[in-house]
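The values are calculated or read from the model by the stated rules, or taken from the named source; none is laboratory data. Given the structure is predicted, the values throughout are model-derived calculations rather than measurements. Note that we place each Cβ from the backbone using ideal geometry, even for glycine, and neighbour counts take in every protein chain shown. Accessible surface areas use protein heavy atoms only, side chains included; no ligands, DNA or RNA. Shrake-Rupley method; radii C 1.70, N 1.55, O 1.52, S 1.80 Å.
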Amino acid sequence: MAAALGGLRGLLAAAGRAGGPARPWGRPAPPGARFLGQSSHQPVGPRAGPEPGSGGLPEGVEYIPTRKKGKNPMKPVGVAWYSLYTRTRLGYLFYRRQVKKARERYPHGHSAPQPCHFPGVKILPIPVLSNNYSYLVIDTGSSRAAVVDPSDPQAVQAAIEEEGVMLEAIFCTHKHWDHSGGNAALRQRHGSCKVYGSALDAIPELTNPLADREKVSVGCLTFEALATPGHTVGHMVYVLDGGPFDGPPCLFSGDLLFLAGCGRLFEGSPETMLASLDMAVGLGEETLLWPGHEYALECLSFASLLELDNPALEQKLQWAMQQRQEKRSTCPSTLGEEQTYNPFLRTHQPELQAALGLRRGAGEHPDAFRARVLKEVRRRKDLYKAT
Ligand SMILES: [Zn+2]
């Protein structure tokens, strides 16, 4: 849910034509079979997410309900669209259309998947929709696996079958359909599979709500959930502990952090997002970043307009152009390199502040100023995207 704000007209048209959800697996339905949207645990229809009051939210987090137009940083049209997308059946129908279109346009995925191996673990990015990534994370010793953000259940199921693994867990970063839309179909297919995520987001089929810092084991793998609100109020990222396989930690960042970018602030203030980004950076420079979208080229191009004299940024942009020309994935990067070119992680840098024409006010807290810098970078990025 980051590139979809222009789709309202198509969405409404789809709603007019909708005759019920399509089957998730693309094969003829056996008599009496139940599929996505027809199951007893109905995943579609209005999904009014929880509207947390002050209770249940991490300390210092401000939740901005989408209907509070005055407070929400989005433009009124964006607020209306976002409410439709997240709170009504139209959002689900829009997602179904996205899946169908992407399968037609990219029958083999938008990018060539490049698996990453460490002793005992394999990480397989699965390109889905037009720019999303799901990730299959496999304990190769036991063939048990988890999937992060299964947007398109058909693509994820194909990877599960090809790898010959047992799906034990779905880790869902947030409620947006392009990250959670495959939960129901995969749960139906893999009865013992659990769905993890935050109870503060309306995640479909959530079976195991997680608290901040809670850990989950899948075979020999250990994942830690971190609450990272801002994009949505219940956004969570998952960190795979690298210790057991003598590798770096792996951050599955959903729509918190992208290569050279960060997610839009749909349900949080710049201060909240800044705190979440700081938490991610605290994971350490060697941490591998596995983001929820393939946005590298767009984000790096935008960043290079802000920082005209940043060799690390220029080098990464050249590399990404080459990668994307060959339809290769740009992930993973490391949190160390992200800090050299990602403007959303460089709010403390005087060069960036100067480029934005911002100066810290007398008596202004450094973090308050950084939040102001973040807000301005985000605003410019939103405008950049719109053109
Ligand atoms: Zn999202």
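Tell me the residue from L206, L226 that is under 18 Å from V195 (Cβ atoms) and open to solvent by 10 Å² or more (accessible area, probe 1.4 Å), please.
Values: L226 fails: open to solvent by 10 Å² or more (accessible area, probe 1.4 Å).
On inspection, the qualifying residue turns out to be L206.
Inside the stretch 173-205, can you point out the residues that are free of Cβ contacts under 8 Å to residues at least 40 places away in the same chain, closer than 21 Å to Y133 by Cβ and in a loop (DSSP other than H, G, I, E, B)?
H190, C193, S198, I203
So which residues in the stretch 237-256 are away from the ligand (no atom under 12 Å from the Cβ), open to solvent by less than 10 Å² (accessible area, probe 1.4 Å) and within 16 Å of S134 (Cα to Cα), if there are any at all?
Correct list: V237, Y238, L240, C250, L251, F252.
Kindly provide the set of residues from the stretch 124-145 that are in contact (Cβ under 8 Å) with a residue 60 or more places away in the chain, aliphatic (A, V, I, L, M) and either touching a Cys at 6+ places or on another chain (Cβ under 9 Å) or farther than 20 Å from S192 by Cα (or both), ordered by number.
V137
Would you mind finding the one in Q339, Q325 that is without any contact (Cβ under 8 Å) to a residue 24 or more places away in the chain and away from the ligand (no atom under 16 Å from the Cβ)?
Values: Q339 fails: without any contact (Cβ under 8 Å) to a residue 24 or more places away in the chain.
Result of the check over Q339, Q325: Q325.
Among (1) touching an Asp or Glu at 6+ places or on another chain (Cβ under 6 Å); (2) among the β-branched types (V, I, T); (3) within 16 Å of the ligand (Cβ to nearest atom), which single condition is T222 missing?
The one condition T222 does not meet is (3).
With respect to L306, determine if the residue is within 16 Å of the ligand (Cβ to nearest atom) and either buried (at least 19 other Cβ atoms within 10 Å of the Cβ) or over 20 Å from V373 (Cβ atoms) (or both). Can you show your working first?
Details: within 16 Å of the ligand (Cβ to nearest atom): no; either buried (at least 19 other Cβ atoms within 10 Å of the Cβ) or over 20 Å from V373 (Cβ atoms) (or both): yes.
Considered against the rule, which asks whether it is within 16 Å of the ligand (Cβ to nearest atom) and either buried (at least 19 other Cβ atoms within 10 Å of the Cβ) or over 20 Å from V373 (Cβ atoms) (or both), L306 comes out as no.
Step by step: first the residues of the stretch 260-297, then only those that are open to solvent by 10 Å² or more (accessible area, probe 1.4 Å) and under 15 Å from the mean Cα position of the chain (by Cα), then the one that is nearest to the ligand (Cβ to nearest atom). Which residue is that?
Going through the qualifying residues, I end up with R264.
For the stretch 132-151, which residues satisfy the criterion of being open to solvent by less than 10 Å² (accessible area, probe 1.4 Å) and either of a type outside the set (V, I, T) or part of a loop (DSSP other than H, G, I, E, B) (or both)?
First pass over the stretch 132-151, keeping only residues open to solvent by less than 10 Å² (accessible area, probe 1.4 Å): 132-139, 145-151.
Passing the criteria: N132, Y133, S134, Y135, L136, D139, A145, A146, D149, P150, S151.
Of the numbered conditions (1) in contact with a Pro (Cβ under 7 Å, 6 or more places away or on another chain); (2) within 27 Å of C250 (Cβ to Cβ); (3) surrounded by fewer than 18 Cβ atoms within 10 Å (Cβ to Cβ); (4) at pLDDT below 95, P119 fails exactly one; give the number of that condition.
It is condition (1) that P119 fails.
With respect to V216, is the statement that it is surrounded by 20 or more Cβ atoms within 10 Å (Cβ to Cβ), more than 16 Å from the ligand (Cβ to nearest atom), farther than 30 Å from K375 by Cβ and among the β-branched types (V, I, T) true? Steps first, answer last, please.
Details: surrounded by 20 or more Cβ atoms within 10 Å (Cβ to Cβ): no; more than 16 Å from the ligand (Cβ to nearest atom): yes; farther than 30 Å from K375 by Cβ: yes; among the β-branched types (V, I, T): yes.
No: the conditions fail for V216.
Does the stretch 174-203 hold any residues that are surrounded by fewer than 24 Cβ atoms within 10 Å (Cβ to Cβ) and within 16 Å of the ligand (Cβ to nearest atom), and which are they?
If the condition is that a residue be surrounded by fewer than 24 Cβ atoms within 10 Å (Cβ to Cβ) and within 16 Å of the ligand (Cβ to nearest atom), then A202 is the only one that fits.
Check D139 against each of (1) at pLDDT below 95; (2) farther than 25 Å from R96 by Cβ and name the one condition it does not meet.
(1)
Within the stretch 284-342, how many residues turn out to be among the basic types (K, R) and within 19 Å of L352 (Cβ to Cβ)? Talk me through it step by step, then tell me what you get.
Here is the first cut: in the stretch 284-342, the ones among the basic types (K, R) are 316, 324, 327-328.
Add one more test, that the residue is within 19 Å of L352 (Cβ to Cβ), and what stays is 316.
Residues in the stretch 284-342 being among the basic types (K, R) and within 19 Å of L352 (Cβ to Cβ): 1 in total.
If a residue has to be open to solvent by 40 Å² or more (accessible area, probe 1.4 Å) and assigned to a helix (DSSP H, G or I) to count, how many in the stretch 351-367 make the cut? Please lay out each step first, then the result.
In the first step, residues of the stretch 351-367 are kept if they are open to solvent by 40 Å² or more (accessible area, probe 1.4 Å); the result is 351, 354-355, 357, 359-360, 362-363, 365-367.
Next cut, assigned to a helix (DSSP H, G or I) only: 351, 354-355, 366-367.
Residues flagged as open to solvent by 40 Å² or more (accessible area, probe 1.4 Å) and assigned to a helix (DSSP H, G or I) within the stretch 351-367 amount to 5.
Collect the residues in the stretch 256-269 that are closer than 30 Å to E314 by Cα and in contact with a strand residue (DSSP E or B) (Cβ under 7 Å, 6 or more places away or on another chain), keeping them in residue-number order.
Result: L256, L257, F258, L259.
Taking the criterion of being more than 27 Å from V233 (Cβ to Cβ) and in contact with a helix residue (DSSP H, G or I) (Cβ under 9 Å, 6 or more places away or on another chain), would at least one residue in the stretch 189-208 satisfy it? Give the derivation first.
Residues of the stretch 189-208 that are more than 27 Å from V233 (Cβ to Cβ), as a first pass: 189-192.
Filter once more, so that each one left must be in contact with a helix residue (DSSP H, G or I) (Cβ under 9 Å, 6 or more places away or on another chain): 189-190.
The answer is yes; a qualifying residue exists.
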